[in-house]
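Here the structure comes first, spelled out in structure tokens, and everything after it is commentary.
Bear in mind these aren't lab numbers, they're just calculated from the coordinates by the rules spelled out. These numbers were taken from a predicted model, which means no experiment stands behind them. Neighbour counts run over all protein chains shown; Cβ positions are idealised from the backbone, glycine included.
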Amino acid sequence: MEPAVKRDERILIIDDQSLSQSYLRYALEQLGYQNISYAGRAQSALNFCKQNNYDLIICAYNLPNGKDGYQLFEELKATGLHKLNCGVIFISAETEPALVHSVLELQPDEFLAKPYVIRDLQQRIERVLKRKQQLRPVYELLELKLHDKALDWLNQQLTQPELHKLYPLFLKLKGDVMLQQHAYSDALVFFNAMLQIQPFSWARIGKVFCLLRNNEEEQAFAELQHMLARTETRLYALDCLAELEFRQQHFQQAQQHILAAADIAPRNLLRQQKLLQLSRLNHDYELQYRAARDMVKFARYSMYEQPDLYLNLARASIDFALSSEDSEQQTRLSRQATMSLNTVQRQYGLQNLTEAQQVLQARLLYLQDHRDKARQLLVELSEEIEIDSLENALDKAKALHEVGLSDASKSLFNRISQHCRQQQPEPLFAAYLNQEQQERAAMAHGPRELNNNAVHLYQHGNWQEAFSAFTLAWQVMPKNAGIALNLWQTLLTSPRPLCSAQQKQQLLNQCQQLIENSNLKPEQMLRYEQLKQKNLSILA
């Protein structure tokens, strides 16, 4: 290959592998680029970007000692160190779909899989730099928030026939600018017009965005159903459908959509946070635990790593353990909660335990059947202090209720609600708080004692009270097969009706489905089979 004409574009290569750096250096020099900087670690790259403006960044995924390429690119975008007129080519030897979809959500200009040939790299570089150069004027206007001038420039370019190959890009940018101006009605007309020309994915997304902002939910829902079938719009559609289902209080459907989105692109921490909140609303403690664990995993070394992530993992571990009948699983989850608390203490160098950590210590004691010790620890923390974290305050209210300090729990729930009326927390948390407050008010005991109390009522022939207690226990622990079996048995053996015939049949079916899809203990399985044989006519 003959050396190309010298180029003066500033390029930053971020890759720690010397062989890969050498290959990139050789390739770029052969292509005529001479103003090249190299960074082998994420922190070095951040420092370079703080001090210099680059025309192109070539970023590898695998980086040593901390942040990976995804987290670096995420931070560059979040902190404004990545300018619109700087191209980004993301390079990775790992091409598993979850990583690729996560990276593509950050919208690099190109994604290049290793190994690659110089010719392919050249095409990507030339394409990105040419596009950025042609769009530099509008990017500069957008960086300055001069949206009207940006629209004028784009409209002017769309009158130039010689630029016809760039029309789709100009049109997409025009739609983006209109959304940034919150001109949703005008933007909706524009996106509909674009879709008449060609089914652009960006126009479909823009149209739904406008419909949602204009509260045209029914039409947005119909559009999203079509977008689910298209690979390029499926992720956006799932996120939006989850939001729509939540607004209509269809929490199970919302969880299914956000879970599907998290499976496609798991590294989006905001999505994982929504999954955690929805799983709490649905009492899906296993999924809550998974989401909290994934948030810790994907935030590690990133700009989003903070103590609250580990505290939330400890909370999720305890909530999951309290809903489980498996003693080995309870032990593992208890150990995970302890490890998370130790990580906060060790990693953030705290001299003394914070109140949030002490509350979690009390909940761990309660989980390990040291109820009196847990109660005493919480009594020592019972003084009212200003609420600076809703999650910490809510966890304390739950802990107080679990150990029997009902009045203190109720008082704290009321303070949290008053705080929320003033501060307007995000809707998912507000819905969960409201649900927790109502359920705790209906429970004389903590969730763990609900089933035992219901069994006691059943054994003493208090059928209606036992049914109500089992129903409430199953409501807050809907995946606990032991509780489902007890409720199922109560419905089958009660000498008098406990609810309407329709509700009874619905509960019998739901309980039986869970029981047959679970691993029961030998005693439970024997009891189930005996009851099933005695009640074949009812269950038929």
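Summary of values
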{"item": "FRET efficiency for Cys499 and Ser411, using Cβ-Cβ distance with R0 set to 51 Å, rounded to 0.05", "result": "0.90"}
{"item": "Simple Cβ-charge dipole of region 5-122, Lys/Arg +1 and Asp/Glu -1, about Cα centre, in debye nearest 20", "result": "380 debye"}
{"item": "Loop sites in region 215-258: trypsin sites (Lys or Arg not before Pro), DSSP, at most 13 other Cβ within 10 Å", "result": "Arg230"}
{"item": "Cβ-placed point charges (K, R +1; D, E -1), dipole of the chain about Cα centre in debye, nearest 20", "result": "460 debye"}
{"item": "Least to most buried among His456, His147, His401 (fewest other Cβ within 10 Å first)", "result": "His456, His147, His401"}
{"item": "Cut-off 12 Å (backbone N to label point 7 Å along Cα→Cβ of Glu96), residues of region 267-310", "result": "267"}
{"item": "Interchain or long-range residues, amide H under 5 Å from Tyr38's placed H", "result": "Ile13"}
{"item": "Among [x] 55, 24, 21; [y] 53, 28, 23; [z] 54, 31, 19, the entry derived from the coordinates for semi-axes √(5λ) of the Cα gyration tensor in Å", "result": "[y]"}
{"item": "Förster radius 35 Å - calculated FRET efficiency between Glu391 and Ala183, Cβ distance, rounded to 0.05", "result": "0.40"}
{"item": "Virtual spin-label span in nm between Gln459 and Lys149, 7 Å along Cα→Cβ", "result": "8.0 nm"}
{"item": "Between region 268-338 and region 1-53, the Cα center-to-center distance that results, in Å", "result": "41 Å"}
{"item": "Gain upon complete extension [Met339, Gln512; 0.36 nm per residue less C-alpha separation]", "result": "58.6 nm"}
{"item": "Computed E for His164/Gln51 - FRET, C-beta separation, R0 35 angstrom, nearest 0.05", "result": "0.35"}
{"item": "Value of D in µm² per second that Stokes-Einstein yields for region 467-540, Kirkwood Rh from Cα pairs, at 25 °C (0.890 mPa s)", "result": "198 µm²/s"}
{"item": "Virtual spin-label span in nm between Arg247 and Asp263, 7 Å along Cα→Cβ", "result": "2.6 nm"}
{"item": "Inter-label distance for Lys114 and Lys521, nm, one decimal - labels placed 7 Å from Cα along Cα-to-Cβ", "result": "5.2 nm"}
{"item": "Expected 222 nm ellipticity per residue - DSSP helices of 4 or more, -39500 (n - 2.57), all of the chain, to 500", "result": "-22000 deg cm²/dmol"}
{"item": "Quotient of Cα Rg and 2.2 N^0.38 Å for region 352-442, N being how many residues it contains", "result": "1.04"}
